[in-house]
There are 2 protein chains.
Amino acid sequence: MTMHVEIADLTERQQAVLDAALAAMVEEGDGLTMTSVSRRASCSKETLYKWFGDRDGLLTATVRWQASKVPVPTIDRDRLDEKTLSATLEQFARDWLGVIASDTSVALNRLAVSNAGSGKSDLGSIVLKNGRNAMALRLKPVLEAARDAKVLAHFDEADTLFGSFFGLVIRDVQIRLLLGDAIKLSGPVIAADAARATGQFMALYGANNQTKREG
Amino acid sequence: MTMHVEIADLTERQQAVLDAALAAMVEEGDGLTMTSVSRRASCSKETLYKWFGDRDGLLTATVRWQASKVPVPTIDRDRLDEKTLSATLEQFARDWLGVIASDTSVALNRLAVSNAGSGKSDLGSIVLKNGRNAMALRLKPVLEAARDAKVLAHFDEADTLFGSFFGLVIRDVQIRLLLGDAIKLSGPVIAADAARATGQFMALYGANNQTKREG
DNA sequence: GCCGAACCGTAACGTTCGTTACGGTAGGAT
DNA sequence: ATCCTACCGTAACGAACGTTACGGTTCGGC
């Protein structure tokens, strides 16, 4: 286990270096090299190795650093009527789509996917933990509270609802971006998508709709 | 452009070599090497280069070969009532989930994603064309026919519906698999997911439901 | 039997890149 | 002033791997 610096206590210089690594990741993808990072960051390779141990350590630290920069939406669980739940979910979807569509997120996920294939030091689980799982962790209590407040219809597994919400929001956008499809999501488009997804989710799982739900 | 063999006319030996490459891809991921493929296929590297030009050509041919093996569901556009449309969509979803969850598909998509990052000879667009886009091509006429037969509510853009169907079926399954999450989808689970997704899609877009649809 | 084409197995070459080593500089402490 | 620490820039090392070259074998055609 190469763990030289905790992301909690990074000096400003170290953060700058990781930002340079992030930029390298976005522009050079998987093929970023220790030399290119050091050149970008105007630092020596010796420093990279002292701080991060090896290439894997640098990549891991970079992924963690980016994850720590993504704001995690906070939600108040009180006053849960249908209106506020919808608004919350919509905001959630908007933020999330914005992250997913960003260059850094795409580069990061590409790297993690590559790495998950090669088996080394899984970046995959890190990205999963700080991406999807972090979202699920925030969202599931809200869904359960909404169920208890009779705003959502009864359900047993919050995972199922989360999965459906995920699907309605992300659709085929992420995989297309990862595969290099040139789609650009402007702010208005994201807002519209978030609104549609939220409306559909409420239609499927809202307390007042008894349409087809769980299998 | 390195194009040595068309996938249409591959000798059996060549197919066997590509199957070996496929196996190597599944087990070694991005880091598969010309040597490992030749060893697996019991062929010489010289042959690999003669047939496929270079490493990129081999990978491209492998991706095309796998794509050509995936059965494309065929659909009859006649007799479109709600029942048959549901059955068609459900079958579609089932097949699709089965493909997405397979080891080869995961390995293939990982490779394509890595490659899309590095910019080389896009495998990404090939996978996109033979995956998502092939599905969209088959599905959109059906959706439009269903609309004209008043089985689905009115819509302008079939893309929107396709995206929603995609999301409801795939949800977070593909990205989790790509990132290395250890989920196993048994046949019954896939069937249940396909049924749920289809039910939800019909609930959202069926002609007899006027719930929230397009933005 | 003989020839050439196709192919196998392996050795060899060159490049890239991770990793390490080294000389030099700035700044703070003693 | 001296020393020590942290850092920069660059050169050097070694392994992995794509690519090429070569000798040996099989096999169909004459």
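The values are calculated or read from the model by the stated rules, or taken from the named source; none is laboratory data. Keep in mind the model is a prediction, meaning the values are calculated, not measured. Note that we place each Cβ from the backbone using ideal geometry, even for glycine, and neighbour counts take in every protein chain shown.
Of the residues that make up the stretch A:65-77, is at least one part of a helix (DSSP H, G or I), of a type in the set (Ser, Thr, Tyr), within 13 Å of DNA strand C (Cβ to nearest atom) and more than 13 Å from every other protein chain (Cβ to nearest Cβ)? Lay out the reasoning, then the answer.
Just the residues of the stretch A:65-77 that are part of a helix (DSSP H, G or I), to begin with: A:65-69.
From the residues that got through so far, the ones that are of a type in the set (Ser, Thr, Tyr) too are A:68.
From what is left, the residues that are within 13 Å of DNA strand C (Cβ to nearest atom) are none.
No, that holds for no residue.
Let me spell it out: the conditions are (1) touching a His at 6+ places or on another chain (Cβ under 7 Å); (2) within 13 Å of DNA strand D (Cβ to nearest atom), and A:ALA41 meets all of them except one. Which number is the exception?
Condition not satisfied by A:ALA41: (1).
Which ones in the stretch A:44-77 are of a type in the set (A, V, I, L, M) and farther than 16 Å from A:ASP122 by Cβ?
A:LEU48, A:VAL70, A:VAL72, A:ILE75
Taking the options A:GLU12, A:GLU6, name whichever one is under 15 Å from A:ILE126 (Cβ atoms), loosely packed, with under 14 Cβ neighbours inside 10 Å, at pLDDT below 95 and within 16 Å of DNA strand D (Cβ to nearest atom).
A:GLU6
Does A:GLY131 qualify as being at the interface with another protein chain (Cβ under 9 Å from one of its Cβ atoms), crowded, with 18+ Cβ neighbours inside 10 Å and at pLDDT below 95?
Answer is yes for this residue.
Can you tell me which of B:ALA87, B:ALA107, B:ALA116 is away from DNA strand C (no atom under 16 Å from the Cβ), assigned to a helix (DSSP H, G or I), free of Cβ contacts under 8 Å to residues at least 40 places away in the same chain and within 14 Å of chain A (Cβ to nearest Cβ)?
So the residue among B:ALA87, B:ALA107, B:ALA116 that is away from DNA strand C (no atom under 16 Å from the Cβ), assigned to a helix (DSSP H, G or I), free of Cβ contacts under 8 Å to residues at least 40 places away in the same chain and within 14 Å of chain A (Cβ to nearest Cβ) is B:ALA116.
Out of curiosity, is B:LEU80 at the interface with chain A (Cβ under 10 Å from one of its Cβ atoms) and either within 30 Å of B:THR33 (Cα to Cα) or touching a residue at least 12 places away in the same chain (Cβ under 8 Å) (or both)?
Spelling it out, it is not the case that B:LEU80 is at the interface with chain A (Cβ under 10 Å from one of its Cβ atoms) and either within 30 Å of B:THR33 (Cα to Cα) or touching a residue at least 12 places away in the same chain (Cβ under 8 Å) (or both).
So how many residues does the stretch A:125-138 have that are touching a helix residue (DSSP H, G or I) at 6+ places or on another chain (Cβ under 6 Å) and without any contact (Cβ under 8 Å) to a residue 60 or more places away in the chain?
Kept after step one, since they are touching a helix residue (DSSP H, G or I) at 6+ places or on another chain (Cβ under 6 Å), are these residues of the stretch A:125-138: A:126-127, A:130, A:136.
Going one step further and asking which of them are without any contact (Cβ under 8 Å) to a residue 60 or more places away in the chain, we end up with A:136.
Qualifying residue count, the stretch A:125-138: 1.
Would you list the helices (runs of 4 or more DSSP H) that sit entirely within the stretch A:12-61 and hold 1 or more residues that are within 14 Å of another protein chain (Cβ to nearest Cβ) and either near DNA strand C (Cβ under 9 Å from one of its atoms) or without any contact (Cβ under 8 Å) to a residue 24 or more places away in the chain (or both)?
Where helices (runs of 4 or more DSSP H) fall fully within the stretch A:12-61 and carry at least 1 residues being within 14 Å of another protein chain (Cβ to nearest Cβ) and either near DNA strand C (Cβ under 9 Å from one of its atoms) or without any contact (Cβ under 8 Å) to a residue 24 or more places away in the chain (or both), they are A:12-28, A:34-41.
Please indicate, with yes or no, whether at least one residue in the stretch A:33-49 is of a type in the set (Val, Ile, Thr), out of contact with any Gly (no Cβ under 6 Å at 6 or more places or on another chain), surrounded by 17 or more Cβ atoms within 10 Å (Cβ to Cβ) and over 20 Å from A:ASN130 (Cα atoms).
yes
If you go through the stretch B:188-206 one residue at a time, how many are surrounded by fewer than 21 Cβ atoms within 10 Å (Cβ to Cβ) and either at the interface with another protein chain (Cβ under 7 Å from one of its Cβ atoms) or without any contact (Cβ under 8 Å) to a residue 60 or more places away in the chain (or both)?
Counting residues in the stretch B:188-206 that are surrounded by fewer than 21 Cβ atoms within 10 Å (Cβ to Cβ) and either at the interface with another protein chain (Cβ under 7 Å from one of its Cβ atoms) or without any contact (Cβ under 8 Å) to a residue 60 or more places away in the chain (or both) gives 5.
Please go through the stretch B:155-170 and give me each residue that is within 13 Å of another protein chain (Cβ to nearest Cβ) and touching a helix residue (DSSP H, G or I) at 6+ places or on another chain (Cβ under 7 Å), ordered by number. Outline the logic, then answer.
Going through the stretch B:155-170, the residues within 13 Å of another protein chain (Cβ to nearest Cβ) turn out to be B:155, B:157, B:159-170.
B:PHE155, B:LEU161, B:PHE162, B:SER164, B:PHE165, B:GLY167, B:LEU168, B:VAL169, B:ILE170 - these are the residues of the stretch B:155-170 that are within 13 Å of another protein chain (Cβ to nearest Cβ) and touching a helix residue (DSSP H, G or I) at 6+ places or on another chain (Cβ under 7 Å).
Which residue pairs have Cβ atoms closer than 8 Å, lie 6 or more positions apart in sequence or on different chains, and pair a first residue in the stretch B:165-185 that is among the aliphatic types (A, V, I, L, M) with a second residue that is outside any helix (DSSP H, G or I) and surrounded by 23 or more Cβ atoms within 10 Å (Cβ to Cβ)?
From the stretch B:165-185, the pairs are B:ILE170/A:ASP172.
Can you spot a residue in the stretch A:137-154 that is hydrophobic (A, V, I, L, M, F, W, C), within 10 Å of chain B (Cβ to nearest Cβ) and surrounded by fewer than 22 Cβ atoms within 10 Å (Cβ to Cβ)?
The answer is no, given that none of the residues of the stretch A:137-154 is hydrophobic (A, V, I, L, M, F, W, C), within 10 Å of chain B (Cβ to nearest Cβ) and surrounded by fewer than 22 Cβ atoms within 10 Å (Cβ to Cβ).
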